[in-house]
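Novice: This is the structure, below, for whatever I ask next.
The values are calculated or read from the model by the stated rules, or taken from the named source; none is laboratory data. It should be emphasised that the depicted structure is a prediction, and the values quoted were computed from it without experimental measurement. Heads up, the Cβs are rebuilt from the backbone with ideal geometry, glycines too, and the neighbour counts pull from every protein chain shown.
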């Protein structure tokens, strides 16, 4: 899986493909490659590692031609190597790039091998490539061959194919893995993410499940899963082509951490006022659904799951609605109970997370009252397939470790809590307090960022650590989980989080002088209980790092480092306390010399199971 770019044009497209790969590199980066057709000759270049290695190779061996495909890979089948890199070719005639997983590739591989096809890679994509070539040999029609292959394979795919004998067209197909067509003038493009194509077009068509399309310089023909030709909406994307620029920052992650005050303002703009939540912000008809809602089911993965866990506290305390939070990859494979009047809420930065999307489709068959997605990408699959949507407006997030997407998801969920609470017993006074706190939130985040230098200095103490423990209580427990996730994602330090009250029920056995313990300690009703938990840790010789405001009564000494956090209203404290944990993970990763924006083994948008 990871990044796909393709083009059909009169001009040489290698540099366009390469720039598209650079913009998608955050999605996967163990190898990269491209193939173009030049005077009916199919030429290919592949390199292990980052896109820069491919760029260097292109400087030495430029590939000219107006039709081409390119790919950045995050390995699912086979180790990172040049022979496993995309594009894959069959008999020097076709080149294929592919995101997703072909689940029946073993059976197909055995069948194709018996028919004389030889395999040089360990990938499922090479199986798809030879299968298309087999059908192409029977019909000499690339589009028909791809359609037949799509009916033969099981699994997920977003794929683009070019044929040396038909140099003026490209065929693409989508099932479970996103593809978008970019429309130009006398040229057309395809990519797995519109970000790749923003330098060359602002007009896009999002392919639907089961679509197969034939693309030439002057035309785009799309056929649905039933083989019927269809028209898909053309979307104009108002986005800056330089959104992938790091600017003055060393890493995208730090840039995105510092963008959070602006992003939160964008999330709130036009949706919230001192009087409360504006009407219609979740889509036409949502206000009519609210009175029927008796339960909220939140389904998400990773960081988005942590956002849902925080929201559970909010829904039950302020909206008087019961709430369950599910990991999407678990939810979709178990028998679950659908509560009467249950709103299904999916959360995803990309809107293409495979497990979350599959969970939504399953939920739509199970009698949920309605579905709503909280998402950052307009036009994504979750947005298109949900009944209602709420866009976080975080802007493009390049760093694999999510920061601004997480905080804007929390803000979005709190707005949803307000919308439900207004009709389910939330007092006018509480509504006013929450609205006021949200309006102050960008400023609170700016104040929290002022601790950056202190946290950078503190991070030096983690340079030789291999494990860390994060503690929180109440709605800060999911924030501790998020802090632990960030640290292990980008610094490769093993980190775990616990509800502080659970410490004595097992995890306290891990604590010694080599185990740093990070505590999030806002001044709330659970503070005294948390003080007791902290003393249990101090008694066992660990060094504590406590993030707390001045009124929380923690003092720095030889066993405890206290980092002051701006005094914050309880309702928005989870969002504010996220900021120092993001900064801590960032600075520890920099000190340890890891690849902050592109940590090993991870990809930004997980479009496979």
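Novice: If a residue counts only when it is at pLDDT below 90 and in the same structural domain as residue 42 (by the TED database), which strands (runs of 3 or more DSSP E) contained entirely in segment 62-133 have at least 3 such residues?
Specialist: Counting at least 3 such residues, we get 94-102.
Novice: Same structure, new question: Of 453, 444, 488, which residue is in a helix (DSSP H, G or I) and under 30 Å from residue 317 (Cα atoms)? Let's see the steps before the verdict.
Specialist: Working: 453 fails: under 30 Å from residue 317 (Cα atoms); 488 fails: under 30 Å from residue 317 (Cα atoms).
Matching residue, one of 453, 444, 488: 444.
Novice: Residues of segment 93-111 being touching a strand residue (DSSP E or B) at 6+ places or on another chain (Cβ under 6 Å) and closer than 18 Å to residue 145 by Cα, which ones?
Specialist: If the condition is that a residue be touching a strand residue (DSSP E or B) at 6+ places or on another chain (Cβ under 6 Å) and closer than 18 Å to residue 145 by Cα, then 94, 95, 96, 97, 98, 102 are the ones that fit.
Novice: Look at segment 226-238 and say how many of its residues are outside any strand (DSSP E or B) and loosely packed, with under 15 Cβ neighbours inside 10 Å.
Specialist: Filtering segment 226-238 for residues outside any strand (DSSP E or B) gives 226-228, 231-234, 237-238.
The next check asks that each one be loosely packed, with under 15 Cβ neighbours inside 10 Å; those that pass are 226-228, 231, 233-234, 238.
Of the residues in that region, 7 qualify.
Novice: Looking for whichever is surrounded by 17 or more Cβ atoms within 10 Å (Cβ to Cβ), at negative phi and at pLDDT 95 or above here; the options are 472, 483. Which one fits? Show your work before the answer.
Specialist: Values: 472 fails: at pLDDT 95 or above.
From the options 472, 483, the qualifying one is 483.
Novice: Anything in segment 353-386 that is part of a loop (DSSP other than H, G, I, E, B), surrounded by fewer than 22 Cβ atoms within 10 Å (Cβ to Cβ), at pLDDT below 95 and touching a helix residue (DSSP H, G or I) at 6+ places or on another chain (Cβ under 9 Å)? List them, or say none.
Specialist: 364, 379 - these are the residues of segment 353-386 that are part of a loop (DSSP other than H, G, I, E, B), surrounded by fewer than 22 Cβ atoms within 10 Å (Cβ to Cβ), at pLDDT below 95 and touching a helix residue (DSSP H, G or I) at 6+ places or on another chain (Cβ under 9 Å).
Novice: Another question about this same structure. Might you check whether a residue that is modelled with pLDDT under 95, buried (at least 20 other Cβ atoms within 10 Å of the Cβ) and within 20 Å of residue 445 (Cα to Cα) occurs anywhere in segment 321-334?
Specialist: Within segment 321-334, none of the residues are modelled with pLDDT under 95, buried (at least 20 other Cβ atoms within 10 Å of the Cβ) and within 20 Å of residue 445 (Cα to Cα).
Novice: Kindly provide the set of residues from segment 37-49 that are at negative phi and either touching a residue at least 60 places away in the same chain (Cβ under 8 Å) or touching a helix residue (DSSP H, G or I) at 6+ places or on another chain (Cβ under 6 Å) (or both), ordered by number.
Specialist: Once the filter is applied, which keeps residues that are at negative phi and either touching a residue at least 60 places away in the same chain (Cβ under 8 Å) or touching a helix residue (DSSP H, G or I) at 6+ places or on another chain (Cβ under 6 Å) (or both), segment 37-49 yields 37, 41, 42, 45, 47.
Novice: Among the residues in segment 423-446, are any assigned by the TED database to the domain that holds residue 295 and under 14 Å from the mean Cα position of the chain (by Cα)?
Specialist: no
Novice: Scan segment 258-278 and tell me whether some residue there is surrounded by 12 or more Cβ atoms within 10 Å (Cβ to Cβ) and in contact with a strand residue (DSSP E or B) (Cβ under 6 Å, 6 or more places away or on another chain).
Specialist: Within segment 258-278, not a single residue is surrounded by 12 or more Cβ atoms within 10 Å (Cβ to Cβ) and in contact with a strand residue (DSSP E or B) (Cβ under 6 Å, 6 or more places away or on another chain).
Novice: List every residue pair whose Cβ atoms lie under 7 Å apart, where the two residues are 6 or more positions apart in sequence or sit on different chains, the first residue falls within segment 258-279 and is at positive phi and without any contact (Cβ under 8 Å) to a residue 60 or more places away in the chain, and the second residue, located anywhere, is part of a helix (DSSP H, G or I) and loosely packed, with under 12 Cβ neighbours inside 10 Å.
Specialist: none
Novice: Another one. Every residue in segment 340-352 that is at pLDDT 90 or above and surrounded by 18 or more Cβ atoms within 10 Å (Cβ to Cβ), please.
Specialist: Passing the criteria: 342, 343, 344, 345, 346, 347, 348, 349.
Novice: Specify the residue that is nearest to the chain's Cα centre (by Cα); the eligible residues are those in segment 211-220 that are without any contact (Cβ under 8 Å) to a residue 60 or more places away in the chain and surrounded by 15 or more Cβ atoms within 10 Å (Cβ to Cβ). Give the derivation first.
Specialist: Filtering segment 211-220 down to residues without any contact (Cβ under 8 Å) to a residue 60 or more places away in the chain leaves 211, 213, 218-220.
Applying the additional criterion that residues be surrounded by 15 or more Cβ atoms within 10 Å (Cβ to Cβ) yields 211, 213, 220.
Details: 211: 23, 213: 26, 220: 29 Å.
Within segment 211-220, the match that is nearest to the chain's Cα centre (by Cα) is 211.
Novice: Here's a follow-up. I'm checking my understanding of the structure. Among residues of segment 182-201 that are touching a residue at least 40 places away in the same chain (Cβ under 8 Å) and over 13 Å from residue 20 (Cα atoms), which one is surrounded by the most Cβ atoms within 10 Å (Cβ to Cβ)?
Specialist: That would be 188.
Novice: Could you identify the single residue in 432, 453 that is within 15 Å of residue 547 (Cα to Cα) and loosely packed, with under 15 Cβ neighbours inside 10 Å?
Specialist: 453
Novice: Report whether or not residue 458 is modelled with pLDDT of 95 or more and not in a loop (DSSP other than H, G, I, E, B).
Specialist: So residue 458 fails the test.
Novice: On the basis of being in a helix (DSSP H, G or I), buried (at least 20 other Cβ atoms within 10 Å of the Cβ), assigned by the TED database to the domain that holds residue 163 and in contact with a helix residue (DSSP H, G or I) (Cβ under 8 Å, 6 or more places away or on another chain), does residue 21 make the cut?
Specialist: Answer is yes for this residue.
Novice: Among the residues of segment 306-313, is any under 30 Å from residue 23 (Cβ atoms), part of a loop (DSSP other than H, G, I, E, B) and in the same structural domain as residue 393 (by the TED database)?
Specialist: Within segment 306-313 (the criterion being under 30 Å from residue 23 (Cβ atoms), part of a loop (DSSP other than H, G, I, E, B) and in the same structural domain as residue 393 (by the TED database)), the answer is no, since none of the residues qualifies.
Novice: Looking for something crowded, with 24+ Cβ neighbours inside 10 Å, closer than 21 Å to residue 102 by Cα and without any contact (Cβ under 8 Å) to a residue 60 or more places away in the chain - is there at least one such residue anywhere in segment 158-168?
Specialist: no
Novice: So residue 256 clears everything in (1) outside the structural domain of residue 333 (by the TED database); (2) modelled with pLDDT of 90 or more; (3) closer than 15 Å to residue 403 by Cβ except one condition, right? Which one?
Specialist: (1)
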